[in-house]
Amino acid sequence: MGIGERFAAWPVVRQLLSGDPHALGAAARSPRSAALTPRTTTADRVVPSICPYCAVGCGQRVYVKDERVVQIEGDPDSPISRGRLCPKGSATRQLVTSPSRETKIKYRRPYGTQWEELSLEQAMDMIADRVIATRHAGWQDVDEDGKPLRRTMSIAHLGGATLDNEENYLLKKLYTALGAIQIENQARI
């Protein structure tokens, strides 16, 4: 290949010589780019979802191939976001596909220097024991005048912005049954 041929192969020169000065067509194509196919065309199915990051609740389309997420895009049918996603929403695929994603329960004991793996059953038992102990330690059965209170001031709940009304309803029932009175949510979807 001579100097003239190599010079003509440069993208900017090819763009100017092809009659495509804005590189919207042939000037932008190369053999490598022509061989590329979108991940969305290789997906087995598309699952509708909602972005987990903030209170907006943007619609997402999750493209799945062989039970693995291959792409996440904005859902143009969503009345909230109409197909658009912010940079964090556009990067949600990393939540499930990142090799550094933790998939096991990790626990570091007080004053510990190492993380240890726990089974789900052991972790749930530890949480239940601590909730019961905290409830008991802060329990107020009656006030100073002897009027019944039956509450605990040592447990509170602030719901996340991506929880829907049904999830917040169940959380309210749970925390009320525990005797907590400081319960708030940020339901947006």
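The values are calculated or read from the model by the stated rules, or taken from the named source; none is laboratory data. In this text the structure is predicted, and so the values were computed from the model without any measurement. Note that each Cβ is placed from the backbone with ideal geometry, even for glycine, and that neighbours are counted across all protein chains shown.
Here are some notes:
- Among (1) more than 19 Å from the chain's Cα centre (by Cα); (2) without any contact (Cβ under 8 Å) to a residue 12 or more places away in the chain; (3) in a loop (DSSP other than H, G, I, E, B) - the single one D77 does not satisfy: (2)
- Taking every residue in segment 83-97 that is closer than 13 Å to I50 by Cα and pairing it with any residue that is loosely packed, with under 14 Cβ neighbours inside 10 Å, at least 6 positions away or on another chain, the pairs with Cβ-Cβ distances below 7 Å are G83/P76.
- Looking only at residues of segment 161-173 that are surrounded by 15 or more Cβ atoms within 10 Å (Cβ to Cβ) and assigned to a loop (DSSP other than H, G, I, E, B), we find that the one that is modelled with the highest pLDDT is L163.
- Here segment 31-61 is the region considered, the condition is being over 20 Å from the mean Cα position of the chain (by Cα) and among the hydrophobic types (A, V, I, L, M, F, W, C), and the residue that is nearest to Q94 (Cα to Cα) is A43.
- Condition check for P110: within 30 Å of T41 (Cβ to Cβ), part of a loop (DSSP other than H, G, I, E, B) and either touching a His at 6+ places or on another chain (Cβ under 9 Å) or not charged (D, E, K, R) (or both): no
- Just so you know, in segment 1-39 the residues that are surrounded by 14 or more Cβ atoms within 10 Å (Cβ to Cβ) and closer than 27 Å to Y63 by Cβ include one that is modelled with the lowest pLDDT, and it is A28.
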